[in-house]
Amino acid sequence: MKQQNIVLFIGGIIFGFGLAYGNMSKPEIVLSFLQRTDFGLAVLMAAGFAFAFVAINIVPRFIDKPILGGEFKRRERTLGKNTIIGAIVFGVGWGLSGLCPGAAISSVGVGNLPALAGIAAMFLGAYVMGRYFS
Amino acid sequence: MFPLGLTSYIIGGAFIGLAVAFVYILTGIHATQSTFFTSTLSYFVKRPYFQRETNLKSREWRLFFAAGVMLGALIYTLTISPDGFWVTSIPLWRLIVGGFLVGFGTRLSSGCTSGHGISGVASLSTTSVYAVLTFIATGMITVYILGVLGI
């Protein structure tokens, strides 16, 4: 197996463990955040942000490239109409289902098999976007 | 504000951030989620949008990453989870209609809760900040409207 795939697989395990630990794999918890009855997910995002911030902004000051090769590059996207329209559509879907992509995948791991229907629908949505709107 | 306390949220978020940091420091890759749909579709759909180089270059690791995410949640459920296997009570139609909009919207916006929310914001990208504020706001409005309609 390629080194890169092993790293991403292990990273995925840690990521999915965190999503389940932080209750984000439960759509009900996501909805309680969007209902403004439990702001825990904002705390979860802040904790995730802290580690990612250090890795992306501080670590590259001490090592000039990633340990296994490649390059350090911030994740930047140009702000366009589609960024916002897409985010609006995503938000509506998030509010309806309580699912976002990573949380839906982890939800299957906690035994929530109906999330598979949500994932199938996400594939269809991604297909329709790429097929007709790109 | 925090009926379930803060501990699980802080620890869960720390694991998510650690995963992103681990992958980035080793490979320079931003471990994000929603491109997974487009990059996996590139195995089957030959149209140029799906065959973009970024999709072809990342589609393999994105499959490994997604498999890991599912396994990590399963490991949590089988070990320290207080409630074991768990199934949502949200109606299936909401998962399907919502899922469709999530797939469409995240791809149009080039990012989701993880790509914009964690990696983008941690990259200090203003684009991602606007995207996050937008999807949280429309998510809240959607839930509010559903509540008013009694759905």
> So for chain B, what are the equivalent ellipsoid semi-axes in whole Å, largest first, each being the square root of 5 times an eigenvalue of the Cα gyration tensor?
Replying inline: 26, 22, 18
> Tell me, in nm to one decimal, what length is gained between A:A120 and A:I85 on full extension, where the rule is 0.36 nm per residue of separation less the Cα-Cα distance?
Replying inline: 10.4 nm
> Just going by the charge dipole of chain B, with Lys and Arg at +1 and Asp and Glu at -1 on Cβ, which of B:L78, B:V143, B:F100 is farthest out on the positive end?
Replying inline: B:F100
> Relative to the present Cα-Cα distance, how much length would full extension add between B:T79 and B:T7 at 0.36 nm per residue of separation?
Replying inline: 24.2 nm
> Any idea which of A:P114, A:M129, A:G12 is furthest toward the positive side of the dipole for chain A, if Lys and Arg beta-carbons carry +1 and Asp and Glu beta-carbons -1?
Replying inline: A:M129
> Using the Cβ atoms and a cut-off under 13 Å, what net charge is assigned to the surroundings of A:Q4, where Lys and Arg are +1 and Asp and Glu are -1?
Replying inline: +3
> Can you run phi through the Karplus equation (6.51, -1.76, 1.60; θ = phi - 60°) for region B:18-35 and list ³J(HN,Hα) in whole Hz, with x for Gly and Pro?
Replying inline: 4, 4, 4, 5, 4, 5, 5, 5, 7, 10, x, 8, 7, 7, 10, 9, 6, 4
> According to the Kirkwood expression over distinct Cα-Cα pairs, how big is the hydrodynamic radius of region B:88-151, in Å?
Replying inline: 12.8
>> If the only charges are +1 at each Lys and Arg Cβ and -1 at each Asp and Glu Cβ, what is the size of the charge dipole of chain A around the Cα centre, to the nearest 20 debye?
In response: 360
>> To check my understanding: the extent here is largest minus smallest coordinate of the Cα atoms along each principal axis. What are those three numbers for chain A, in Å, largest first?
In response: 43, 37, 34
> So what are the ³J(HN,Hα) numbers for region A:54-64, from phi and the Karplus equation (6.51, -1.76, 1.60; θ = phi - 60°), rounded to whole Hz, Gly and Pro as x?
Replying inline: 4, 5, 7, 9, 9, 3, x, 6, 9, 10, 7
>> Helix-only mean residue ellipticity at 222 nm, chain A, DSSP H runs n ≥ 4 weighted -39,500 (n - 2.57), per residue, nearest 500. What is it?
In response: -20500 deg cm²/dmol
>> Exposed loop sites here are chymotrypsin sites (Phe, Trp or Tyr not before Pro) in DSSP loop states with at most 14 other C-beta atoms within 10 Å. What is the longest stretch of chain A lacking them?
In response: A:63-132
> Residues of B:40-50, mean number of Cβ from any other protein chain within 10 Å of their own Cβ, rounded to a whole number?
Replying inline: 3
> Taking N as the number of residues in the protein assembly as shown, what value does Rg over Cα atoms divided by 2.2 N^0.38 Å take?
Replying inline: 0.91
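Bear in mind that the values in this text are calculations on the coordinates, not laboratory data. Not measured: the values here are computed from a predicted model. So basically every Cβ, Gly included, is an ideal-geometry build from the backbone, and we count neighbours across all protein chains shown.
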